[in-house]
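Take a look at the structure set out below.
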Amino acid sequence: MSHANTSPGNTPRQPTLFIPHGAGPCFFMDWNPPDTWDGMARFLSGVADTLPARPRAILMVSAHWLMPSFSVTAGEQPKLIYDYHGFPSHTYALNYPAPGAPSLATRVRALLSEAGLDSREDAERGFDHGMFVPLKLMFPAADVPVVQLSLRENLDPAAHLAAGRALAPLREEGVLIVGSGMSFHNMRGYGDAHFTAPSEAFDEWLSGAVSADPEARHAALCDWADAPHARECHPPSLEEHLIPLMVAAGAAGTDPGRKVYSEQVLKTQLSAFRFG
């Protein structure tokens with residue numbers, strides 16, 4: 001574990017992350033070519049070693065859960081939701097028995113309420129593949145409690161940045177906030193060389209926005225749809241794979257952001273970002 005700032009109570013402050021979670025259960029099946037996802041898998045497998053300490057819990061913001069208002073999983077032991085289709089049968093038996101954290105769910109709701117953001121809890125909701133697929137690589141022992149936070153279905157970037165700001169105190173409490181999505185997500189574009197240059201241009205813009213000073217970063221991310229080739233990379237009303245970044249960036253406070261992984265996969269540029 002790397003050295004980092006220590007918060008009151010000697011609990012190291014966790015960074016916030018925006019990570020790619022791949023395509024369905026891609027890391028746990030054969031793919032053609034076989035090494036397609038190897039670089040991303042290596043990155044995810046190495047994340048824990050870059051943290052200042054083992055997280056007390058994880059708050060995971062997945063692209064695969066959209067609700068009218070922010071919602072949190074509140075079960076003691078959420079089941080897995082195999083919300084992908086057409087993959088090998090063994091991928092519907094993947095296991096990730098991480099416990100839930102009802103007390104963290106309560107804390108999340110309280111922080112959102114203090115910021116004037118409505119929320120609800122769902123004791124029946126399970127963990128979707130935006131959670132368990134990357135976490136199987138990041139924390140394979142499944143021994144860190146996890147709460148999932150939904151996106152708000154209007155996908156308003158400012159609202160998700162505000163949610164992140166509200167949740168920033170969790171970092172001082174040893175909670176790792178992770179946005180799980182994809183920096184490029186246009187299903188028509190994967191594997192199509194026509195999307196390589198647009199994805200690279202958008203990635204360059206996104207990297208600059210993330211690394212800007214906090215005020216400029218906030219303004220840029222609020223207006224992300226005006227970025228070069230933004231809507232080729234995230235079609236209208238289908239930007240749910242980008243919006244988890246807003247929560248991670250909002251929770252960053254004044255911490256700088258930087259790109260910590262970038263690779264061309266399926267002819268598109270994909271990146272991960274870290275704040276703090």
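The values are calculated or read from the model by the stated rules, or taken from the named source; none is laboratory data. Only a predicted model underlies this, so the values are computations on that prediction, with no experimental measurement involved. Positions of Cβ are backbone-derived with ideal geometry, glycine not excepted, and every protein chain shown enters the neighbour counts. Please note that ligands, DNA and RNA were not included when accessible areas were found on the heavy atoms of the full protein model with its side chains. Shrake-Rupley method; radii C 1.70, N 1.55, O 1.52, S 1.80 Å.
Hey, can you grab everything whose amide H is under 5 Å from the amide H of residue 121? Only 5+ residues off in sequence or another chain; H modelled, so Pro and N-termini drop out.
72
With +1 assigned to the C-beta of every Lys and Arg and -1 to the C-beta of every Asp and Glu, and no other charges, what is the dipole magnitude of region 144-276 about the Cα centre in debye, to the nearest 20? Can you show the working numbers first?
Numbers: 10 positive and 17 negative charges, 47 e Å.
So the dipole magnitude of region 144-276 works out to roughly 220 debye.
Based on Cβ point charges of +1 for Lys and Arg and -1 for Asp and Glu, what charge dipole magnitude is obtained for region 94-220 about its Cα centre, in debye rounded to the nearest 20?
On the way: 10 positive and 17 negative charges, 46 e Å.
Dipole size: approximately 220 debye.
Along the Cα-to-C-beta direction of residue 95, a point sits 7 Å from the Cα; which residues of region 66-85 have their amide N less than 20 Å from that point?
Within reach of a label on residue 95: 76-83.
Round to a whole angstrom and tell me the spacing of the C-alpha centers of region 122-147 and region 78-94.
Measuring centre to centre over Cα atoms gives 13 Å.
Grab the other residues whose beta carbon is less than 14 angstrom from that of residue 226, score K and R as +1, D and E as -1, and report the net. If you can, show how the numbers build up before the last one.
Values: positive: 231; negative: 223, 232, 239.
Value of the local net charge: -2.
Dipole size in debye (nearest 20) for the chain around its Cα centre, Lys and Arg Cβ +1, Asp and Glu Cβ -1?
Working: 20 positive and 30 negative charges, 116 e Å.
Here the size comes out at about 560 debye.
Please give, to one decimal in nm, the separation of the simple spin-label points placed at residue 226 and residue 263, each 7 Å out from Cα toward the Cβ.
3.5
Could you check how much of the accessible area of region 73-228 is carbon and sulfur, as a whole percent, using a 1.4 Å probe?
In region 73-228, the share of accessible area belonging to carbon and sulfur is 52 percent.
Going by the alpha-carbon gyration tensor, a ≥ b ≥ c the square roots of its eigenvalues, is region 177-235 rounded (a/c under 1.5) or, if a/c is not under 1.5, prolate (a/b greater than b/c) versus oblate?
prolate
Keeping all protein chains in place, calculate the accessible area per residue for region 114-273 (probe 1.4 angstrom), answer in Å². Before the final figure, lay out the partial values.
On the way: 5840 Å² over 160 residues.
Per residue, region 114-273 has 37 Å² of solvent-accessible surface.
Which of the listed residues, 264, 208, 186, is farthest toward the dipole's positive end in region 165-276, when Lys, Arg count +1 and Asp, Glu count -1 at the beta-carbon?
The listed residue farthest towards the positive side: 264.
Which ³J(HN,Hα) values, rounded to whole Hz and listed in residue order, are derived for region 157-172 from phi using the Karplus coefficients 6.51, -1.76 and 1.60 in 6.51 cos²θ - 1.76 cosθ + 1.60 with θ = phi - 60°, glycine and proline given as x?
x, 5, 5, 6, 5, 5, 4, x, 4, 5, 8, 3, x, 4, 4, 6
On a C-alpha basis, how far is the centre of region 209-276 from the centre of region 31-59 in Å? Whole number, if you could?
With region 209-276 and region 31-59 each reduced to a Cα centre, they are spaced 19 Å.
All other residues with a Cβ under 12 Å from the Cβ of residue 129 taken together, and with Lys, Arg as +1 and Asp, Glu as -1, what is their net charge?
Once positives and negatives cancel, what remains is -1.
Multiply the residue separation of residue 54 and residue 103 by 0.36 nm, subtract the distance between their alpha-carbon atoms, and state the gained length in nm to one decimal.
Contour length minus the Cα-Cα distance gives 15.8 nm.
Along the charge dipole of region 1-140, Cβ charges K/R +1 and D/E -1, which of 92, 70, 53 sits furthest on the positive end?
Farthest towards the positive pole: 53.
Could you tell me which GluC sites (Glu not before Pro) in region 93-163 are loop residues by DSSP with no more than 15 other beta carbons within 10 angstrom of their beta carbon?
124, 153
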